Amino acid sequence: MNWLYYLAEANIYLGVFYLAYCLFLNRDTHYQLNRAYLIFSCIVSFILPVLQIGVLRPVKPAEHVNTINYARPVQAVKIITQEPQTITSTTAPVIEHHFTLQDGLWYVYLIGAAVFLFMLFIKLYTLFKLTRNVQSVKEGKHRVIYLTGTDAAFSFFNYLFIGTNATGANTIIRHELVHIRQKHSADIIFLELLKIMNWFNPFVYLLQNSLKAVHEYIADEQTAAYETDALTYSSFLVSNTYGTGGSSITHSFFNYNLLKKRIIMLNQKRSGNLARLKYLVAIPICVALLCASTLAFSKTYGWVDLIPANIKPAGRYAMVNINHAVKRKHLKVTQNGVTITTDQFSVDQKNKKVVYKAGTITKADRSLLLKNHNIKVEVVEDSTLFTTKDGKLFLPVVNVDGYYLLDHFLHHNIHYTSAKGEKGGLVEVGFALDKDRHITGAKVVKSGGPKLDAMALNGFKAYKGIINDDAGKNYKIGVYFFTDDYSIFKTDSLGKDPEFAGELIITNYNYPVNLTSKGYEYDESGIGFPGDDNNMSNAKVVIYEKNGEANWYYKSKSTPADLKLLKDKYGYTFPSSASAIVQMMYPKNVKNKRLAYIFDVASYLDAPYSNHFYNHIINNIEYPQQAQKTLTGGVVVLNFNLGNDGMISDVNVAQGAGNGFDEAAVNALQSYKFAIKDNAGKHSIAILFCVAEKKYRPVVSEKMKKDGYVGELSVSDVKSPFMSTSVKFPPPVIAPGSPKAGVN
């Protein structure tokens, strides 16, 4: 139906342009400008619908404007589904296609267009037969064809047809030659083709008649210049009123319906030069219609955004949107020889906390920080293009707000096995939600082939849970079936469709899932992505029960009882900090063809260690090179003493891992030169060296978690391309005579 929607919008615009012509320009004698306006109207009316001004469209800014936008449902819901049903590719039921009113309109349109195309063909064929007349004379670039025993006179492109019985032949020929020289027939054929496409629009017929009239006014004006005066030529027209006309696609000298108008315009006073300004009315009309195209029509064919909005709207779906390099500003902050890169930081000044951000800090701010607090601040930019190791773009990672249970169900119950050489593809499934928000009327609206269509459709029909979206509305979800061919993602954007609800990816191999220590599957949000506060206050998790239930838990809203339930029943604890790693899968028997995913390297630290300390270690620890090559990880537990001044000393290894891990952990901890607001005395910390490619995270022995244990800090063999948005600096140790300053 997109084609019919497009035609409807374009024909509305065509009607607006034609009404403006009738109101402002129809009586003017600037005939060439009238001709240009009418042709311009026909063209621009079909261009405007595909244009948009994105900045005009009201948008809701995403919560975090960064390289990645990642969102989950905003309210806790509990949804129960039936026991999972296995959906395989072994059955391929026939997809139901019901005849609808929309289908009927489409067929009626096609029949009408076919009829008008056939009529044009008949007209052209009739003229072609006349050109075969033996009584023809070649005169310069045109050919005169004499029609025996008739008084007809008309022209078509370079052919001038005139009857042997026509009177005033010289005047008639002079008139028709104007049509030939100015290519008026090209205008008529253009309008005929437009009429085939838009045969249902009465304005097309009216516009074609007006254009033909303008052609006659032009030819009359130039022919009358050769006569004694306009009155003499007018008398000639009247005396030859009832001559024989030609086909509707030709310019016939004898046109009784236009005679009165031709004589009036021929003798009308010429329009002045100021009247030319009226033709500028086309500009505000174009602007108004372009705004209407953006604001009044919901469509998928608005392909060209002339002025895109600066902030992308927060839709009902979220995806990792990093298909191109994005420049981002950061702050490189150095104090006491320690450098941290962040998006913002705060400093205590005169009992007031002052926050400095990458986008707003000034040169004067940086000078004062260096002078008064010995803090060196640099504004740096980076452009990161996220790709897999073989250069493939990082694919979308999608989770749909309100659709997470459907997403979970489909991933577990559509089992895609591909044949050798099978490419995969995209299937778009449309459906409605009934009053109870269950899926109804599921159908394939964009086919990926019988096999993929059947698997996707069976999956949607098998889902008996509810969806947390508006009841009574229609929605569409794209299902990508991925093997090892990235070209399936080079499709038209689905997101422009107002019914679009999201998309998901089904692979022909097992995609990694997150499991708690007690075997419960879970998904997290607000963990390790730019835009999330490093204290993880935005963190939330959905736990999938064994019976198909799902529960959301929010860290900021969870009670101590909730946190205890998460730990004791499900084996889950909210991280204190995390970094997100872009990682790849390695499917069996597939070399260098893999799908990217996010591996969250989570840390679990006591509060005094979860912000600045965590960021320092992450940025300064060196993962042993040999261990990186061999994809090796391990756990190092360090003992350290915290003095009364909060400074770390007496670092030693309580449990080693070898392979250079011990030295890396000790060096990183010893490099931290800031005071920590924790109890003085002996403490211990576990440094976990994780392997992203294997999604490997070593386990800390419970016997190592003695009194003074502050938690586990995880680092990865692959550096995260992201960083925390806010770092709070603890007060440094104040040397005698130095200014007192603290950064939080």
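The values are calculated or read from the model by the stated rules, or taken from the named source; none is laboratory data. From a predicted model like this one, the values you see are computed outputs, not experimental measurements. Methodologically, a virtual Cβ is constructed for each residue, glycine included, from the backbone with ideal geometry; neighbour enumeration extends over all protein chains shown. The area values use the complete protein model at the heavy-atom level, side chains included, leaving out ligands, DNA and RNA. Shrake-Rupley method; radii C 1.70, N 1.55, O 1.52, S 1.80 Å.
Overview of results
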quantity	calculated
Output for segment 9-46, where each listed residue is buried (at least 16 other Cβ atoms within 10 Å of the Cβ) and among the small types (Gly, Ala, Ser)	ALA10, GLY15, ALA20, SER41, SER45
Strands (runs of 3 or more DSSP E) wholly inside segment 111-199 containing at least 3 residues that are at pLDDT 90 or above and not small (Gly, Ala, Ser)	142-147, 159-163
Residue that is modelled with the highest pLDDT [pool: residues in segment 436-484 that are among the polar types (S, T, N, Q) and over 19 Å from LEU405 (Cα atoms)]	SER447
Candidate set: segment 485-531, residues that are closer than 18 Å to PHE574 by Cα and assigned to a strand (DSSP E or B); chosen: the one modelled with the lowest pLDDT	SER525
Residue match in segment 420-433 (condition: aliphatic (A, V, I, L, M), over 14 Å from GLU499 (Cβ atoms), modelled with pLDDT under 95 and more than 23 Å from the chain's Cα centre (by Cα))	no
Selection from segment 289-309 of residues that are surrounded by 13 or more Cβ atoms within 10 Å (Cβ to Cβ), more than 19 Å from PHE500 (Cα to Cα) and at pLDDT below 75	ALA309
Only one of THR507, THR440, THR516, THR483 that is without any contact (Cβ under 8 Å) to a residue 24 or more places away in the chain and not basic (Lys, Arg)	THR440
Leading residue by the ranking (modelled with the lowest pLDDT) among those in segment 362-372 that are over 39 Å from the mean Cα position of the chain (by Cα) and open to solvent by 30 Å² or more (accessible area, probe 1.4 Å)	ASN372
Search result, residues across segment 310-361 that are within 24 Å of PHE489 (Cα to Cα) and either among the charged types (D, E, K, R) or modelled with pLDDT of 55 or more (or both)	LYS312, ARG316
Every residue from segment 49-58 that is closer than 17 Å to ILE12 by Cβ and crowded, with 17+ Cβ neighbours inside 10 Å	PRO49, LEU51, GLN52
Selected residue (only one of LEU7, LEU23 is part of a helix (DSSP H, G or I), of a type in the set (A, V, I, L, M) and under 39 Å from the mean Cα position of the chain (by Cα))	LEU7
Output for segment 676-715, where each listed residue is in a strand (DSSP E or B), over 28 Å from GLN626 (Cα atoms) and out of contact with any Ser or Thr (no Cβ under 8 Å at 6 or more places or on another chain)	GLY681, LYS682, HIS683
Test: residue in segment 174-191 that is farther than 30 Å from GLY112 by Cβ and over 54 Å from the mean Cα position of the chain (by Cα)	yes
Single match in LYS435, LYS464, LYS443, LYS473 (criterion: under 27 Å from ASP485 (Cβ atoms) and open to solvent by 50 Å² or more (accessible area, probe 1.4 Å))	LYS443
Unmet requirement for LYS546, which otherwise passes all of (1) modelled with pLDDT of 70 or more; (2) within 30 Å of LEU426 (Cβ to Cβ); (3) not small (Gly, Ala, Ser)	(2)
GLY448 being closer than 21 Å to LYS496 by Cα and buried (at least 21 other Cβ atoms within 10 Å of the Cβ)	yes
Of all residues making up segment 237-257, the number that are open to solvent by 20 Å² or more (accessible area, probe 1.4 Å) and either in a helix (DSSP H, G or I) or touching a Pro at 6+ places or on another chain (Cβ under 8 Å) (or both)	4
Residues that are assigned to a helix (DSSP H, G or I), of a type in the set (Gly, Ala, Ser) and either touching a Lys or Arg at 6+ places or on another chain (Cβ under 6 Å) or under 17 Å from ARG270 (Cβ atoms) (or both), drawn from segment 218-235	ALA219, ALA224, ALA230, SER234
Count of residues meeting criterion [more than 22 Å from SER155 (Cβ to Cβ) and either loosely packed, with under 13 Cβ neighbours inside 10 Å or touching a residue at least 60 places away in the same chain (Cβ under 8 Å) (or both)] in segment 261-277	11
Flag if GLN625 is free of Cβ contacts under 8 Å to residues at least 60 places away in the same chain, more than 19 Å from VAL710 (Cβ to Cβ) and open to solvent by 20 Å² or more (accessible area, probe 1.4 Å)	yes
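Residues are listed down the side, and each one gets a yes or a no for (1) in contact (Cβ under 8 Å) with a residue 12 or more places away in the chain; (2) under 46 Å from the mean Cα position of the chain (by Cα); (3) open to solvent by less than 20 Å² (accessible area, probe 1.4 Å):
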{"position": "PHE640", "(1), (2), (3)": "yes, no, yes"}
{"position": "ASP645", "(1), (2), (3)": "yes, no, no"}
{"position": "ASP650", "(1), (2), (3)": "no, no, no"}
{"position": "VAL666", "(1), (2), (3)": "yes, no, no"}
{"position": "TYR672", "(1), (2), (3)": "yes, yes, yes"}
{"position": "ASP678", "(1), (2), (3)": "yes, no, no"}
{"position": "ILE685", "(1), (2), (3)": "yes, yes, yes"}
{"position": "PHE689", "(1), (2), (3)": "yes, yes, yes"}
{"position": "MET704", "(1), (2), (3)": "yes, no, no"}
